[in-house]
Amino acid sequence: MSNANPFAVVAADVKASIVAITGALKWFGDEARAAIAWVDKSVPGAQVALAALYQAADAAAAELEGHAAAGFSDVVAGAVDEAGATVANLISASGLNLTAKAALSAADVAAVTAAQAIARGAISVATARLLGHAAPTASATPAAPAAPHA
């Protein structure tokens, strides 16, 4: 039998899973530069807008990393996967096929930006609806009696 403390093993496993999840969320400068150059090839001046987009994504990844480290690693991993699928579906519904493009036009960039804004807005509205539906139920639940003082 190993002399390893079982709690240390579990903690190490949790830490490794968080690192694996958040590693995929980290800022990758090479990929960002490649994407900016790809778009800028046909949309001169798009560099500034795309740099802002990547900086926002980097900040969001850092925030998600914090949530993952706070015990929400499974939730973060699932949310990132689902968000990617949602945005891909929105882009596809707009008629834009990113894989078939050698370069993007200004209209293409606008479609991607709109898809991102729609996804972000949809999440905010869905969260507000969820809280709105839960609030009447929570307010109708009688409060627990106060503990007697000794």
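Name the single residue, out of those in segment 75-124 being not in a helix (DSSP H, G or I) and not aliphatic (A, V, I, L, M), that is surrounded by the most Cβ atoms within 10 Å (Cβ to Cβ). So that I can check it myself, show each step before the final result.
Let us first name the residues in segment 75-124 that are not in a helix (DSSP H, G or I), namely 94-97, 101-105.
Next, from what is left, pick out any that are not aliphatic (A, V, I, L, M): 94-95, 97, 101, 105.
Details: SER94: 16, GLY95: 8, ASN97: 10, LYS101: 13, SER105: 14.
Out of the qualifying residues, it is SER94.
To keep it simple, each residue is scored yes or no on (1) surrounded by 14 or more Cβ atoms within 10 Å (Cβ to Cβ); (2) closer than 20 Å to ALA115 by Cβ; (3) in contact with a helix residue (DSSP H, G or I) (Cβ under 6 Å, 6 or more places away or on another chain); (4) at pLDDT 80 or above.
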{"site": "TRP27", "(1), (2), (3), (4)": "no, no, yes, no"}
{"site": "GLU31", "(1), (2), (3), (4)": "no, yes, no, no"}
{"site": "ILE36", "(1), (2), (3), (4)": "yes, yes, yes, no"}
{"site": "VAL39", "(1), (2), (3), (4)": "yes, yes, yes, no"}
{"site": "SER42", "(1), (2), (3), (4)": "yes, yes, no, no"}
{"site": "ALA46", "(1), (2), (3), (4)": "yes, yes, yes, no"}
{"site": "ALA59", "(1), (2), (3), (4)": "no, yes, no, yes"}
{"site": "HIS67", "(1), (2), (3), (4)": "yes, no, yes, yes"}
{"site": "SER73", "(1), (2), (3), (4)": "yes, no, yes, yes"}
Number of positions in segment 100-119 that are under 20 Å from ALA79 (Cα atoms) and in contact with a helix residue (DSSP H, G or I) (Cβ under 9 Å, 6 or more places away or on another chain): 7
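The values are calculated or read from the model by the stated rules, or taken from the named source; none is laboratory data. Values in this document were obtained by computation on a predicted structure and should not be read as measured data. Glycine gets a Cβ as well: all are built from the backbone with ideal geometry, and neighbour counts include every protein chain shown.
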